[in-house]
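Working notes, structure below.
The values are calculated or read from the model by the stated rules, or taken from the named source; none is laboratory data. Here the structure is a predicted model, which means the values were calculated and not measured. Ideal geometry is used to build each Cβ from the backbone, glycine not excepted, and the neighbour counts take in all protein chains shown.
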Amino acid sequence: MKISREVKTAVLVISGLVMFVFLFNYLKGNNLLDSSRTFYVVYDNVEGLASSTPVTINGLSVGKVQEISFNNDGSGNLVVKLLVDSDFEFSKNSKAELYEAGLIGGKAIAIIPAFDNAENAKKGDYLEGTVKAGLSELVNQRLTPLQEKIETMMVSADSLLNNLNDVFDSQTKTNLKNSIAGLNTTIASFGETSKSLNNLVENNQEQIESALTNVETITSNLTKVTDSLANANLGNTIKDLQTTINNFNSVLASIDEGKGSIGKLFKDEGLYNNLKAATKEMEELLRDIKLHPKRYFRILSKKEIPYNED
């Protein structure tokens with residue numbers, strides 16, 4: 001049977017249309033030859049996310065982003081349609097996390113499966129959408145406080161420099177230069193003094209060694225004296241001294257109480273009065289001897305000289 005040219009042309013056109021529809025849907029993320037599941041996720045911002053972006057579960061690519069469109073509730077949120085080719089079952093409480101796919105840019109979606117024994121997600125279900133902070137956002141979060149601190153530090157540094165400029169006027173700079181020059185002179189003088197000390201030590205090396213030898217000898221003798229004192233029976237000596245002090249205190253206590261001859265001498269008023277009277281009579285006797293010596297030393301005289309008190 002001979003096929004006409006018109007039939008061949010019709011078959012070719014129909015085949016081209018079918019291939020075009022298949023390729024068009026495949027590029028949009030629809031695989032007409034596979035029974036895929038469709039899920040929806042709502043985000044408020046999907047910057048960097050594009051159609052045909054891979055959808056992964058635990059790092060394994062299981063589908064693609066099929067379509068991104070605005071939500072019809074007037075909120076401005078975006079609805080992302082996910083086409084999952086895998087038959088892996090996960091809970092309807094699972095989350096669809098939007099994350100940065102690389103350092104250069106671009107976003108991808110990862111389904112975080114929840115194993116909470118809840119009902120499995122079905123075709124057409126909405127998953128909870130979350131956003132994972134990317135590297136650029138983390139850097140911005142860290143750099144923003146650092147930038148504020150740097151700006152504050154720059155302002156403080158500027159104020160400090162202005163204050164320094166006010167302090168270091170021409171007169172102050174001149175004084176500072178003079179001080180530095182004086183410090184250099186002092187350092188030079190110190191160097192000369194060090195040289196003089198070195199020369200002095202070199203010239204008197206023998207005397208210094210002799211002095212050190214004497215010091216060593218004195219130290220040795222002092223060590224011996226210290227050893228002698230350490231070996232001496234200081235305990236008994238101190239004990240005897242304490243006994244002597246106690247005895248002396250006892251004697252003083254006895255005297256204070258009027259015991260003994262010395263105690264009676266100090267405490268007996270009658271004895272004191274007698275001694276005082278005897279002393280007075282002795283003074284009168286000595287005064288009379290001084291005034292009338294012939295009365296006492298005229299041995300050959302038989303005539304008694306009368307006593308005159310005056």
Just one listed residue, out of V84, V46, is surrounded by 16 or more Cβ atoms within 10 Å (Cβ to Cβ) and over 19 Å from L23 (Cα atoms), and it is V46
Test for V42: is it closer than 17 Å to I109 by Cα, modelled with pLDDT of 85 or more and not in a loop (DSSP other than H, G, I, E, B): yes
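I'm trying to understand the selection: among the residues of the range 113-128, which are in a strand (DSSP E or B) and modelled with pLDDT under 90? Even if it seems obvious, please write down each step before you answer.
In the first step, residues of the range 113-128 are kept if they are in a strand (DSSP E or B); the result is 120, 126-128.
Within the range 113-128, just N120 meets the criteria.
Restricting attention to the range 57-76, report how many residues are surrounded by fewer than 15 Cβ atoms within 10 Å (Cβ to Cβ) and either aromatic (F, W, Y) or within 12 Å of V46 (Cα to Cα) (or both). Give the steps one after another, and end with the answer.
Within the range 57-76, the first condition is being surrounded by fewer than 15 Cβ atoms within 10 Å (Cβ to Cβ), and the residues that meet it are 58-61, 69-76.
With the extra rule that they be either aromatic (F, W, Y) or within 12 Å of V46 (Cα to Cα) (or both), the set shrinks to 69-70, 76.
Of the residues in the range 57-76, 3 are surrounded by fewer than 15 Cβ atoms within 10 Å (Cβ to Cβ) and either aromatic (F, W, Y) or within 12 Å of V46 (Cα to Cα) (or both).
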Any hit, the range 95-110, residues being loosely packed, with under 13 Cβ neighbours inside 10 Å, closer than 28 Å to F20 by Cα and modelled with pLDDT under 85: no
